Ligand SMILES: NC(=O)c1ccc[n+]([C@@H]2O[C@H](COP(=O)([O-])OP(=O)(O)OC[C@H]3O[C@@H](n4cnc5c(N)ncnc54)[C@H](OP(=O)(O)O)[C@@H]3O)[C@@H](O)[C@H]2O)c1
């Protein structure tokens with residue numbers, strides 16, 4: 001029987017993994033299915049088989065894994081997708097499934113970066129509230145570039161004396177109720193040149209972002225550095241300790257280790273598959 005892998009996706013890493021497996025794997029050895037949360041309209045379909053929508057919590061995920069005879073689980077969700085990652089780890093542990101987290105490394109602070117690090121979006125709001133109370137205004141924070149995603153945007157509305165430029169992949173519901181804010185719908189990759197232009201055009205004095213990592217949206221961090229703009233950086237949530245890797249080829253190595261015979265997915269020794 002070939003192994004059956006579930007990829008929990010919604011990230012560029014998950015798309016790359018599905019593409020890789022679809023083109024490189026031998027179906028006698030492994031089948032795979034990708035899973036999307038279904039939170040975005042018209043998401044790009046990943047290569048190969050996929051399903052969409054929540055599982056119905058931990059119990060639902062466990063049922064799915066059993067019913068679909070999943071034998072390997074890769075959590076390739078976003079580093080801030082806390083709930084599904086927790087459930088995936090718990091379900092794999094309970095069922096004794098080999099489990100791997102595919103995640104991009106976090107951005108690392110550069111000497112010239114002015115980062116104020118906080119542990120959650122709520123704490124980013126608390127920090128701004130503290131500055132506001134202390135000074136009676138958010139001055140010198142006049143104009144905030146907010147890139148923390150659609151969730152939790154509401155929390156920032158109370159800073160009425162501040163201008164907001166809010167960039168999201170999808171227009172949030174809140175956009176129609178918050179006419180003072182400028183909403184920008186766009187997805188990476190972004191260039192440094194354009195990010196500098198954007199920050200200048202909107203006279204941004206603070207960037208608020210999650211430490212998502214990856215190259216696609218890193219240009220805003222570089223732009224802030226060049227323009228000496230502080231960054232309110234939301235640190236990643238703590239995840240359950242689990243085996244993790246950062247590249248698709250490492251996942252392929254891991255799959256090879258768990259497949260019953262000794263042929264590699266792409267018919268090459270594992271070491272040659274490393275980047
Ligand atoms: N959080 C971010 O900043 C961010 C950024 C970019 C992309 N994403 C992607 O967007 C999706 C949702 O993110 P989130 O932060 O809302 O996640 P979350 O808070 O961890 O998950 C919320 C619920 O959405 C469902 N879900 C999440 N990912 C799923 C998947 N890949 N397949 C099936 N169901 C899934 C699960 O529902 P049930 O409990 O019913 O199973 C989960 O409990 C994730 O797939 C993530 O990779 C998130």
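The table below gives the values:
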quantity	calculated
Residue check, residue 14 within 11 Å of the ligand (Cβ to nearest atom), part of a helix (DSSP H, G or I), closer than 29 Å to residue 170 by Cβ and within 21 Å of the chain's Cα centre (by Cα)	yes
Some residue of the range 101-120 being farther than 23 Å from residue 217 by Cα, at pLDDT 95 or above and touching a helix residue (DSSP H, G or I) at 6+ places or on another chain (Cβ under 8 Å)	no
Residues (under 16 Å from the mean Cα position of the chain (by Cα) and either outside any loop (DSSP other than H, G, I, E, B) or at pLDDT 95 or above (or both)) located in the range 222-243	233, 234, 235, 236, 237
Single residue of the range 26-36 satisfying the filter (in contact with a strand residue (DSSP E or B) (Cβ under 8 Å, 6 or more places away or on another chain) and touching a residue at least 40 places away in the same chain (Cβ under 8 Å)) that is surrounded by the fewest Cβ atoms within 10 Å (Cβ to Cβ)	29
Filtered residues of the range 44-57 (kept if near the ligand (Cβ under 9 Å from one of its atoms) and either closer than 20 Å to residue 102 by Cα or assigned to a loop (DSSP other than H, G, I, E, B) (or both))	51, 52, 53, 54, 55, 56
Sole exception among (1) near the ligand (Cβ under 10 Å from one of its atoms); (2) surrounded by fewer than 13 Cβ atoms within 10 Å (Cβ to Cβ) for residue 23, by number	(1)
Residues located in the range 65-106, provided they are within 14 Å of the ligand (Cβ to nearest atom) and in a loop (DSSP other than H, G, I, E, B)	68, 70, 76, 77, 78, 79, 80, 81, 103, 104, 106
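The values are calculated or read from the model by the stated rules, or taken from the named source; none is laboratory data. Small disclaimer: the values here were computed from a predicted structure and weren't measured. Positions of Cβ are backbone-derived with ideal geometry, glycine not excepted, and every protein chain shown enters the neighbour counts.
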